[in-house]
Every structure is written in C-alpha cells, then in structure tokens.
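Have a look at the structure below before the remarks.
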Amino acid sequence: MISLSNIEVSFAHRKLFSGVSFHINRKDRIALVGKNGTGKSTLMKIIAGQLEPTSGTVAGDANLRTGYLPQQMNHAKDKSVLEETLTVFSHIDTLSKRMEQINRELAERDDYQAPSYLKLIGELGELNDRFHLVASDNPTGNAERILLGLGFKRDELERSTATFSEGWNMRIELAKLLLSNPDMLLLDEPTNHLDIESLRWLESYLASYAGALLVVSHDRTFLDTVTERTIELSLGRIYDYKASYSYFMELRRERVEQQTAAYENQQKVIEKTQEFIERFRYKPTKSNQVQSRIKQLEKMELVEIDPVDHAQISIRFPNPPRSGKVVYRCSDVAAGYDGKPVFKHADLTVERGEKIALVGRNGEGKTTLLKLLAPGQQAGQARILEGTLQTGHNVMAGYYAQNQDELLDEDLTVFETVDKIATGEVRTKLRDILAAFLFRGEDVDKKTVVLSGGERSRLAMAVLMLQPYNVLLLDEPTNHMDIQSKEILKEALLNYTGTLVLVSHDRTFLDGLVNKVYEFRDGKVKEHLGGIGVFLERRRAESPDEVIRTPEAQSSASTQYQQRKERERTLRKLESAVTRLENSIEAYEEKLSQMDAQLQSPPAEGFEPDFYRTYEKEKKGLDLAMKAWETAHNKRDAFIKEMEHE
C-alpha cells in the first residue's frame, strides 16, 4: 500500500535517522515506538506527505486515502461539537454536485463515441464508486455514536467547540478521522487526552477498523491491544518486529542476548586463531596451517550486536519526614466554579503511605480536587462550596500540575531552574541530579524554552525532587514521557515511602502502583478498594455498556436514540394537534357565548339574516372541532400507551 525506501532525515548537520525502509500493507497494525526525540513524529509526517525527507523515497497507491492525527493542531472555534464533526462529510456534497453536473451534461449529448463523452462516463463511474465508499446512511447518528464513545455527553454536542479544552477538541478531530474511514490511519499520541473509558472504547473501535493503522503512543496497554507489529526507532536505525509491543520487548532482549553470546564466542575463536598465527607464523612446518588460519579470519563474517540506547533517567525520591496518620479528610465536600459544583457529597480519607489514583472522565473534578489538596496552589476559581477538607499533621505536599512543564521559566537555563529552588546541602549535588535526568554536559546550559516536551517533563520532575515532600500530588505526570521513562518513574514511586495521590489514565502505569481508586463520575466521587485492575473489572460488571462501548453497541444505541427521537417528535405533533383543537374549541365557545347573550336581548328591529347564518356556522364549526379533538385525543392516548409497552 505504501513503501518507504532508504529514508534519511537530517537537521542542522545532525542526522536524525537514516536507512529507514519498510512497507505498510493493508490491515497492518503497527506501533511506532522509540524514546522521545528519535524522530517518530517526523517519520509519521513523512508518511502523511506533510514533510519531505532529506533523501529516500515514499511510494504509495495513487488513490490511497490517509487520515492523520498530529500531536498539535488548530481547532475550529465557530461551530458546535456536532456541527464541526459533521464537516467531515462536506466532500460528499461536492461529489454529489459533480455527479449531478455530469449527468446533466450527458443527458444533453448524443455523441456517445466521442472521447470527451467517454471521459465523462469514466469520471462518473469513479465518482459513483467513491460516493458509495464514503457516503454514510446516517451521518448525524454515526457522528453522535463516535462522539459519545470518545467521552462527550449528549447535552454537550450542541455546545461551541470554543468552550472545550485542547484535549476535547483533539477528540473532535479524532472523531472526524474515524468517520472519514480512510485506508490508513496515522495517529500520533491519540491517548494523551483520553480517559480510561474513552481509551477502551477507541481500542474496541480500532479492532473492527478495516484499514491499516500506524500509531505512536506511550501507553503500553493501548499498544498491546491495538497493534500486532512494532517498528522501533533507536539511535538513528530502525528495527521491525512482527509482534505486539510487549512481545517485541521480549524478542529484542532475546535477540541482543543471542547476539552478545555469539559475539563473545566469536571473539574467543578470533583470539585463539590470532594466537596460533602469531605463535607459528615463522615456523616453516606450520606455514600451511598459518595461511589457512589467516584466510579463515579474512572470510569470517563478524557478528554485530544491535546497538541499544541504555540512556535512562534515574529517579529516587528522598526519604520524607513522617506525617500524621490521616493526611487528608474530606467530609461531604462539594466543589466547583462560580457557585456551581463539579462534584458533590465527596467523602475521602487519605492515610499515610497510601497510593491512590483519581480516575474518571475529563472534566469531572479530578484536577480540581488535587489542586484543593495542594497548599498554595491556585485552583482557578474553584472553591469548596459545602463540607470540610482537613489536612493532617505535618503534611508537606509537593504538587505536579498537568501542565507543569509549561510553568517553567523560559528565561532560565536548565541549571538555573533547579539552582533557583534548591536549598541546603542538595545545592552541591545539582549537576548529579540533572545527570540522573539525562541533562549532561552542555545540556544544563540550554534555555528551557528550547527543550522538547519530554525534556521539560523530566526537568519538572527533577524540580519536584529537590525537597523531601511526604505527600506527592501528581496530575498526569507521565504525559510526554516515553515508555521506558514511565517504567522508571513507576519504580521510583513504588519505593517512595510517603503518600501518593495521582491522576492518570495510563493503566499500565497504575497497575501494581495504587491500592485505592476514587472514581469521579456524574458529579459524584466513589471509593473503590484495590488496584486499577479490580476497579476496571468491577466497572465492567456494573455497567458494561458504559465502561466499553463497542461499535456494535454504539450503533444499536444510536439507532435506539434515533427511534426515541422520532417517537418524541410524533408525540409532540399529537400533543400540538390536541392543543390546537382545544384552542379552536375555546374560540368557538367564546364566540357562541357572546352571540347567545345577544339573542337574550335582541334589538327592536330584530337580527339580520347574516347573524343567524353566522350563528349556525359557529355551532357547526364547534361540532366539527369537538369531533376532531376527540379523534386527536384518542390517537395521542393510544400512542402514549404504545410507548409505555415498548
């Protein structure tokens, strides 16, 4: 479907990667992995046709339709969520209009063998095929189905996109891509802004997607679920494995071990051979054997070990002072903005040494609560509206914001950033601390403004470690971190002796790390004892359709929703008919009442004949309106009974 041949990319005399060659087939499910900065997004842009490589070629099918979701994009702000999503179908109208135009031209011509006529026939056939391929039988229903699956609530579909965060607008762009049903999906970090339930829905959706998929993600569970092939970029080279990510890691380790063993054995053979040559080089009786050994070495194909990037961060949180047993206690807390609660009746108790995850749909109040727990943090205009929040004895909390990397002073260098905060003996170890976070040599003199997202996240985490906090409040700490860095951070948090409260949607990161889960859902906060796996199983058992909405279930739900909307429309029409007839009856009765009063006090000269004709007409109109009202009333009641029995 698409082939890359000997692709090389260089920037400012620095070679990012070279010799990249691979083929993407129809229905391939590929994970593109590697550390931050290895060139994954660059390679994806080349495949999407948005970037030209320094050298090499990209060849693909002429009619290949590609859907590309970059990490950063511009978002429309002038439409509702549903309207913006439906713009993906605008090309269908263009196709339809062109087909109509061609049909009109063909109807006016009779030169059936003319090249121009035959060309129109060919174009019409091609347009017709494309139309049937992309046209949807229910664009609105399909759009609603996907938006709901990605976490939007039904009453949010008419809200302006301008009222949503960048993360929610990314979901709109993802919905548009899925609706366009391209031949190949290129998704660059689609999991960054998705909560756990939306992630699981997307996994299910992609399982039934018929095209090819190439995805960059640092979510190990997501990769294992949706991909079957792994391409790794490492140290400027590419490694291609027909395996899911976790299996690829095993295969790569085994391969390097085998290569290492083969290399060591070969080196022993080479060493012994060279010893023989040097020992008997000048003995005539051994000359033939020496020459044979020399030729053997010359013909020997040397074993190479795949280079492995062993550079990794080294995190160890300092031992913190001891806090009181109860760290936080929330009693019947309601919190929100401008007097409107995001959640209510929250009862939470955080005890010393616990490791707790806050999970749930974005916008349900996880970050709000985390900020309220953090002393000195500005939670926007969020306030505790009801209830009480108590902080325990000797609590020293360190807070890592979701955009912590963006809060760094861009005028400072890496070293100045930590030097500004550090106090006491730790100041003598700043370069060692930065080296542990992969800032070595000239890196420490870089301005933070030029750092990548991953580098900024590492620096922000280094800043957090400069003080011995006994409580860590972490809001999406793994954003922008590669898989290896996340695993190292997880290990450090497992060894951390203080109290941990974190917001994360990364199931692999949370698994085995937390022992309690607080779920934020529908304005409430619910406690779940046990790890993230126990919570997900419990949620699946309680409400499977909400935990994971499969495309089939979503389709059924969408159909039911459309049917319900149609029934409600019909009922409104019936109600309107009854009301309209009741108003008509009231008008007739009012007119007849006035005329009856006139009849009781007739004028001396009597009534004109028109008066009696009008009177009879009004009486007849009242009779007809009463009969029509009875019919409409019975029809409405019968329809209501029918709805009640469904």
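The values are calculated or read from the model by the stated rules, or taken from the named source; none is laboratory data. These numbers were taken from a predicted model, which means no experiment stands behind them. Virtual Cβ from ideal backbone geometry, glycine too; neighbours counted across all protein chains shown. Quick note on the areas: whole protein, heavy atoms, side chains included, nothing else; ligands and nucleic acids left out. Shrake-Rupley method; radii C 1.70, N 1.55, O 1.52, S 1.80 Å.
Taking the stretch 95-118 as the region of interest, how many residues are part of a helix (DSSP H, G or I) and surrounded by 11 or more Cβ atoms within 10 Å (Cβ to Cβ)? I'd like the intermediate steps shown before the answer.
Taking the stretch 95-118 as the starting set, the residues that turn out to be part of a helix (DSSP H, G or I) are 95-107, 115-118.
After this cut, where a residue has to be surrounded by 11 or more Cβ atoms within 10 Å (Cβ to Cβ) as well, the list is 95-96, 98-99, 101-103, 105-106, 117-118.
Number satisfying all stated conditions: 11.
Suppose we keep only residues that are touching a strand residue (DSSP E or B) at 6+ places or on another chain (Cβ under 7 Å) and either free of Cβ contacts under 8 Å to residues at least 40 places away in the same chain or farther than 18 Å from GLU351 by Cβ (or both) within the stretch 520-533. Which one would you say is surrounded by the most Cβ atoms within 10 Å (Cβ to Cβ)? Spell out how you get there, then give the answer.
So in the stretch 520-533, the residues touching a strand residue (DSSP E or B) at 6+ places or on another chain (Cβ under 7 Å) come out as 520-521, 523-529, 532.
Now restrict to residues that are either free of Cβ contacts under 8 Å to residues at least 40 places away in the same chain or farther than 18 Å from GLU351 by Cβ (or both): 520-521, 523-524, 526, 528-529, 532.
Numbers: PHE520: 25, ARG521: 17, GLY523: 15, LYS524: 14, LYS526: 14, HIS528: 17, LEU529: 10, ILE532: 23.
Once the filter is applied, the top-ranked residue is PHE520.
If I filter the stretch 18-39 down to residues being in contact with a Ser or Thr (Cβ under 7 Å, 6 or more places away or on another chain) and farther than 20 Å from LYS242 by Cα, which single residue comes out as surrounded by the fewest Cβ atoms within 10 Å (Cβ to Cβ)?
Residues of the stretch 18-39 in contact with a Ser or Thr (Cβ under 7 Å, 6 or more places away or on another chain): 21, 23, 29-31, 33-34, 36-38.
Imposing the further condition that a residue be farther than 20 Å from LYS242 by Cα reduces the set to 36-38.
On the way: ASN36: 18, GLY37: 15, THR38: 22.
The qualifying residue surrounded by the fewest Cβ atoms within 10 Å (Cβ to Cβ) is GLY37.
Answer with yes or no whether GLU630 is loosely packed, with under 15 Cβ neighbours inside 10 Å, without any contact (Cβ under 8 Å) to a residue 12 or more places away in the chain and part of a helix (DSSP H, G or I). It would help to see each step written out before you state the result.
Details: loosely packed, with under 15 Cβ neighbours inside 10 Å: yes; without any contact (Cβ under 8 Å) to a residue 12 or more places away in the chain: yes; part of a helix (DSSP H, G or I): yes.
Yes: the conditions hold for GLU630.
Which pairs turn up if I take residues in the stretch 220-249 that are basic (Lys, Arg) and look for partners that are open to solvent by 30 Å² or more (accessible area, probe 1.4 Å) and assigned to a helix (DSSP H, G or I) with beta carbon separation below 6 Å, at least 6 apart in sequence or on another chain?
These pairs meet every condition: ARG220/THR508.
Within the stretch 406-520, which helices (runs of 4 or more DSSP H) (wholly inside it) include 3 or more residues that are under 19 Å from LEU373 (Cβ atoms) and of a type in the set (Ser, Thr, Tyr)? Show your work before the answer.
Working: elements: 414-419, 430-436, 453-464, 483-495, 507-510.
Fully inside the stretch 406-520 and qualifying: nothing.
Being surrounded by 13 or more Cβ atoms within 10 Å (Cβ to Cβ), at pLDDT 85 or above and not charged (D, E, K, R) is true for just one of THR413, THR388. Which residue is that? Write out each step before concluding.
Numbers: THR388 fails: surrounded by 13 or more Cβ atoms within 10 Å (Cβ to Cβ).
Result: THR413 is the single residue among THR413, THR388 that is surrounded by 13 or more Cβ atoms within 10 Å (Cβ to Cβ), at pLDDT 85 or above and not charged (D, E, K, R).
Can ILE277 be described as out of contact with any His (no Cβ under 8 Å at 6 or more places or on another chain) and either surrounded by fewer than 19 Cβ atoms within 10 Å (Cβ to Cβ) or part of a loop (DSSP other than H, G, I, E, B) (or both)? Spell out the reasoning first.
Values: out of contact with any His (no Cβ under 8 Å at 6 or more places or on another chain): yes; either surrounded by fewer than 19 Cβ atoms within 10 Å (Cβ to Cβ) or part of a loop (DSSP other than H, G, I, E, B) (or both): yes.
Taking the combined requirement at face value, the residue satisfies it.
Among (1) buried (at least 18 other Cβ atoms within 10 Å of the Cβ); (2) assigned to a helix (DSSP H, G or I); (3) of a type in the set (S, T, N, Q), where does ASN288 come up short?
Against the list (1) buried (at least 18 other Cβ atoms within 10 Å of the Cβ); (2) assigned to a helix (DSSP H, G or I); (3) of a type in the set (S, T, N, Q), ASN288 comes up short only on (1).
Please indicate, with yes or no, whether at least one residue in the stretch 409-416 is under 20 Å from TYR469 (Cα atoms) and touching an Asp or Glu at 6+ places or on another chain (Cβ under 6 Å). Break it down stepwise before answering.
Filtering the stretch 409-416 for residues under 20 Å from TYR469 (Cα atoms) gives none.
No; the residues of the stretch 409-416 include none that is under 20 Å from TYR469 (Cα atoms) and touching an Asp or Glu at 6+ places or on another chain (Cβ under 6 Å).
Sort out which residues of the stretch 341-359 are more than 8 Å from TYR518 (Cβ to Cβ) and in contact with a helix residue (DSSP H, G or I) (Cβ under 6 Å, 6 or more places away or on another chain), and write them in order of number.
So in the stretch 341-359, the residues more than 8 Å from TYR518 (Cβ to Cβ) come out as 341-347, 349-355.
Hit for the stretch 341-359 is VAL342, nothing else.
Scan GLU566, GLU537 and give me the residue that is part of a helix (DSSP H, G or I) and at pLDDT 75 or above. Reasoning before the result, please.
On the way: GLU566 fails: at pLDDT 75 or above.
After applying the criteria, what remains is GLU537.
Taking the residues in the stretch 463-519 that are out of contact with any Leu (no Cβ under 9 Å at 6 or more places or on another chain) and of a type in the set (Val, Ile, Thr) as candidates, determine which candidate is surrounded by the fewest Cβ atoms within 10 Å (Cβ to Cβ).
Top of the filtered list is THR497.
Name the residue that is nearest to LEU389 (Cα to Cα), counting only residues in the stretch 321-335 that are over 35 Å from the mean Cα position of the chain (by Cα) and open to solvent by 30 Å² or more (accessible area, probe 1.4 Å). Before you say what the answer is, go through the steps one by one.
The initial filter retains those residues of the stretch 321-335 that are over 35 Å from the mean Cα position of the chain (by Cα), namely 321-326.
When the remaining residues are screened for being open to solvent by 30 Å² or more (accessible area, probe 1.4 Å), the result is 321-322, 325-326.
Numbers: PRO321: 22, ARG322: 21, LYS325: 16, VAL326: 12 Å.
For the stretch 321-335, the residue satisfying everything is VAL326.
Report the residue count in the stretch 52-91 for those that are hydrophobic (A, V, I, L, M, F, W, C), open to solvent by less than 50 Å² (accessible area, probe 1.4 Å) and out of contact with any Pro (no Cβ under 8 Å at 6 or more places or on another chain).
6
Please go through the stretch 40-51 and give me each residue that is open to solvent by 70 Å² or more (accessible area, probe 1.4 Å) and outside any helix (DSSP H, G or I), ordered by number.
Looking only at the stretch 40-51, we keep the residues that are open to solvent by 70 Å² or more (accessible area, probe 1.4 Å), and these are 45, 50.
Once the filter is applied, which keeps residues that are open to solvent by 70 Å² or more (accessible area, probe 1.4 Å) and outside any helix (DSSP H, G or I), the stretch 40-51 yields only GLN50.
For the stretch 301-319: of the residues being in contact with a Phe, Trp or Tyr (Cβ under 6 Å, 6 or more places away or on another chain) and open to solvent by less than 50 Å² (accessible area, probe 1.4 Å), which is modelled with the lowest pLDDT? So that I can check it myself, show each step before the final result.
Start the filter on the stretch 301-319 by keeping residues that are in contact with a Phe, Trp or Tyr (Cβ under 6 Å, 6 or more places away or on another chain), which leaves 303, 305, 313, 317.
Those left that are additionally open to solvent by less than 50 Å² (accessible area, probe 1.4 Å): 303, 313, 317.
Working: VAL303: 72, ILE313: 62, PHE317: 81.
Checking each candidate, the answer is ILE313.
Suppose we filter GLY56, GLY122 for residues that are in contact with an Asp or Glu (Cβ under 8 Å, 6 or more places away or on another chain) and at pLDDT 85 or above; which single one remains?
Details: GLY122 fails: in contact with an Asp or Glu (Cβ under 8 Å, 6 or more places away or on another chain).
Sole residue among the options that is in contact with an Asp or Glu (Cβ under 8 Å, 6 or more places away or on another chain) and at pLDDT 85 or above: GLY56.
Conditions: (1) touching a Lys or Arg at 6+ places or on another chain (Cβ under 7 Å); (2) among the β-branched types (Val, Ile, Thr); (3) open to solvent by 10 Å² or more (accessible area, probe 1.4 Å). VAL342 meets all but one. Number of the miss?
Of everything listed in (1) touching a Lys or Arg at 6+ places or on another chain (Cβ under 7 Å); (2) among the β-branched types (Val, Ile, Thr); (3) open to solvent by 10 Å² or more (accessible area, probe 1.4 Å), VAL342 misses just condition (1).
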